[in-house]
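Participant: Quick one: the structure is below, and I'll ask about it shortly.
Read-outs: derived from the displayed coordinates by stated rules, not from any lab. Computed from a predicted model, the values in this text were never measured in an experiment. Note that we place each Cβ from the backbone using ideal geometry, even for glycine, and neighbour counts take in every protein chain shown.
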């Protein structure tokens, strides 16, 4: 490998295959952990091979059941393609005895539905629990222009074009030579170092000798292959032993309380304080309690992700993961709804709305945090609610006006 100047993540489509174990072992021997986007029909055919990949530190993502073009599917057909494969992936992780760390999806042919269906497919993926991929440091202007940092599906910065090997092995020299080209604005930036980090796409079915040669050429580039951020982040209930790490984080990012009060919080509502850890490093927290206003509801009291610029956690979907984990805990306890008061910040409001929460009330507060007025906005459209918020601010000279969001659990 050349002197590493930037990070890269390897993503491989159309898994698993008959020789899948061999490919997984080849990557492990090279110190590479990949995201394998799996077809449901192949998971049915090669389940043990998929289990082997999970047990050896790789991530399995969803690539549909039988590789259709999603622009040609109805929304219900798209949902079934994804859901059918999800059931198989959940089964693979259960057989492997490994908690599924993240739900990732890539469209076959990178066909995201086009201008007509893109938005509804993004909403579908979000509603089904898929997450923004954790690939920090991708800085190509075209990546941002395409809206990739906000997209739920996984794209790529460099397509190896190995799918052209369907035309025959004589294409391989052209693919290898293409890796030496320098045109970052055209998706050929492997040699641009220092430069943008890379998300590289290959396919699991190409001949094994071509698989090795492409990997050889990639590893000769100024790239350092990293495991996806999600691979190292696990969400679990916080424990008293986490106090030295979690309690200061909460005090810095959310609200301050004594160590004794923090311990009582964990004891009073066991399992409702969640922490996301990457090994011993804290990536974020999320916590709440049963609602005092409704027996069938829980209140989300705090959620935060580690924003230290030296850490790779911001804008990696970890907040959404924490939120969904909290929702599962609430559903298991029999709660039907979750309520949360947002900060007076459009970015925070957008976060909740993107995760399926709808505004139900507005609350105006003074500088001491005292409530000045509370307004029900369930029947109002989003634009009307935003206007009402500013009306309340002007009416009371309020220090802050916050939305109360609510989500009904399935």
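Participant: Using only alpha carbon pairs under 8 Å that are at least six residues apart, calculate the relative contact order of the stretch 9-165 and give it in whole percent. Could the numbers behind the result be given before it?
Facilitator: Values: 215 pairs, mean separation 30.3, N = 157.
Answer for the stretch 9-165 is 19 percent.
Participant: For the chain, give the share of DSSP beta bridges that are antiparallel, in percent and rounded to the nearest 5; count only bridges with both residues there. Don't jump to the answer; show the numbers that get you there.
Facilitator: Values: 36 of 60 bridges.
Just about 60 percent of them are antiparallel.
Participant: Now a separate question. State the Cα centre-to-centre distance between the stretch 61-122 and the stretch 322-341 in whole Å.
Facilitator: Each part reduced to its Cα centre gives a spacing of 24 Å.
Participant: How high is the relative contact order of the stretch 357-405? Use alpha-carbon pairs under 8 Å, at least six apart in sequence, and give a whole percent.
Facilitator: Numbers: 77 pairs, mean separation 25.1, N = 49.
Over the stretch 357-405, the number comes to 51 percent.
Participant: Moving to a separate point now. For the pair residue 261/residue 74, report the inter-label distance in nm, with labels modelled 7 Å from Cα in the Cβ direction.
Facilitator: Using points 7 Å along Cα→Cβ, the separation is 5.5 nm.
Participant: If you don't mind, another one. Using a Debye calculation, one point per C-alpha and no hydration shell, please list log10 I(q)/I(0) for the stretch 234-408 at q = 0.15, 0.18 Å⁻¹ in order.
Facilitator: Evaluating at q = 0.15, 0.18 Å⁻¹ gives log10 I(q)/I(0) of -0.91, -1.24.
Participant: Could you work out the relative contact order of the chain, using alpha carbon pairs under 8 angstrom and six or more residues apart, expressed as a whole percent? Please report the intermediate quantities before stating the final value.
Facilitator: Working: 721 pairs, mean separation 59.1, N = 410.
Over the chain, the number comes to 14 percent.
Participant: Tell me the mean residue ellipticity at 222 nm calculated for the chain from its helices only (DSSP H runs of n ≥ 4, each -39500 (n - 2.57), averaged over every residue, nearest 500). Numbers along the way, then the final one.
Facilitator: Values: 14 runs with 149 residues, N = 410.
Mean residue ellipticity, 222 nm, calculated: -11000 deg cm²/dmol.
Participant: Between residue 375 and residue 253, what FRET efficiency comes out of the Förster formula 1/(1 + (r/R0)^6) with R0 = 30 Å and r the beta carbon distance, rounded to 0.05? Spell out each step's value before the answer.
Facilitator: Numbers: r = 29 Å, r/R0 = 0.95.
Working from the Cβ atoms, E equals 0.55.
Participant: Let me ask something additional. Which order do the peptides 267-277, 283-293 come out in when sorted by mean C-beta neighbours inside 10 angstrom, highest first? Display every interim value, and only then the final one.
Facilitator: Working: 267-277: 17.6, 283-293: 19.2.
Per-residue Cβ counts within 10 Å, averaged per peptide and sorted highest first, yield 283-293, 267-277.
Participant: Kirkwood hydrodynamic radius for the stretch 88-202: how many Å is it when counted over pairs of different Cα atoms?
Facilitator: Details: mean 1/r = 0.0613 Å⁻¹.
Roughly 16.3 Å, rounded to one decimal.
Participant: Under 20 Å from a point 7 Å along the Cα-to-Cβ line of residue 100: which residues of the stretch 329-359 have their amide N that close?
Facilitator: 329-333, 355-356
Participant: What order, most packed first, do the peptides 66-73, 34-41, 379-386 have when packing is the mean number of other Cβ atoms within 10 Å of each residue? Don't skip to the answer; put the middle values down first.
Facilitator: Numbers: 66-73: 16.0, 34-41: 24.2, 379-386: 12.6.
Ranking the peptides 66-73, 34-41, 379-386 by packing returns 34-41, 66-73, 379-386.
Participant: So how do 309, 203 line up by other beta-carbon neighbours within 10 Å, fewest first? List each step's numbers first, then the result.
Facilitator: On the way: 309 6, 203 20.
So the residues, fewest neighbours to most, are 309, 203.
Participant: So if each residue of separation counts as 0.36 nm, and I subtract the Cα-Cα distance between residue 384 and residue 309, what length gain in nm does that give? Working shown, then result.
Facilitator: On the way: separation 75, 0.36 × 75 = 27.00 nm, distance 3.63 nm.
Stretched fully, the residue 384-residue 309 segment lengthens by 23.4 nm.
Participant: In whole angstrom, how far apart do the alpha carbon centroids of the stretch 154-211 and the stretch 267-297 sit?
Facilitator: 43
Participant: Please build a GNM for the chain, connecting alpha carbons under 10 Å apart, and tell me which residue among 51, 138, 375 fluctuates the most.
Facilitator: 375
Participant: How much length would be gained if the chain were fully extended between residue 219 and residue 28, taking 0.36 nm per residue of separation minus their Cα-Cα distance, in nm to one decimal?
Facilitator: Details: separation 191, 0.36 × 191 = 68.76 nm, distance 1.35 nm.
Additional length available on full extension: 67.4 nm.
Participant: On a 0 to 90° scale, report how tilted helix 114-127 is relative to the longest principal axis of the chain, with both axes built from alpha carbons and the result rounded to the nearest 10.
Facilitator: Tilt of helix 114-127: around 60 degrees.
Participant: Which of 359, 228, 173 ends up with the largest GNM mean-square fluctuation for the chain, with Cα atoms connected below 10 Å?
Facilitator: 173
Participant: In the Gaussian network model of the chain, springs joining C-alpha atoms below 10 Å, which of 370, 23, 87 carries the largest mean-square fluctuation?
Facilitator: 370
Participant: Give the angle, between 0 and 90 degrees and rounded to the nearest 10, that separates the Cα long axis of helix 318-332 from the longest principal axis of the Cα atoms of the chain.
Facilitator: On a 0 to 90 degree scale, this one is about 60.
Participant: What distance in nm lies between label points placed 7 Å from Cα along the C-beta direction at residue 208 and residue 241?
Facilitator: It works out to 4.3 nm between the two label points.
Participant: Once the convex hull of the alpha carbons of the chain is built, what does its volume come to per residue, in cubic angstrom? Mind dumping the intermediate values first?
Facilitator: Details: hull volume 66.5 nm³, N = 410.
Expressed per residue, the convex hull around the Cα atoms of the chain is 162 Å³.
Participant: Give the angle, between 0 and 90 degrees and rounded to the nearest 10, that separates the Cα long axis of helix 259-268 from the longest principal axis of the Cα atoms of the chain.
Facilitator: 80
Participant: Which order do 52, 58, 396 fall in if you start with the one that has the fewest other Cβ atoms within 10 Å?
Facilitator: Numbers: 52 17, 58 24, 396 14.
Lowest count first: 396, 52, 58.
Participant: Take 128, 202 and order them by how many other Cβ atoms sit within 10 Å, fewest up front. Numbers along the way, then the final one.
Facilitator: On the way: 128 15, 202 26.
The order, fewest Cβ neighbours first, is 128, 202.
Participant: Quick check: residue separation of residue 55 and residue 111 times 0.36 nm, minus the Cα distance between them. What number comes out in nm? List each step's numbers first, then the result.
Facilitator: On the way: separation 56, 0.36 × 56 = 20.16 nm, distance 3.04 nm.
Going from the current span to full extension adds 17.1 nm.
Participant: Quick one: if you stick a label point 7 Å off each Cα along the C-beta vector at residue 294 and residue 90, how many nm between them?
Facilitator: Label-label distance for residue 294 and residue 90, simple model: 2.5 nm.
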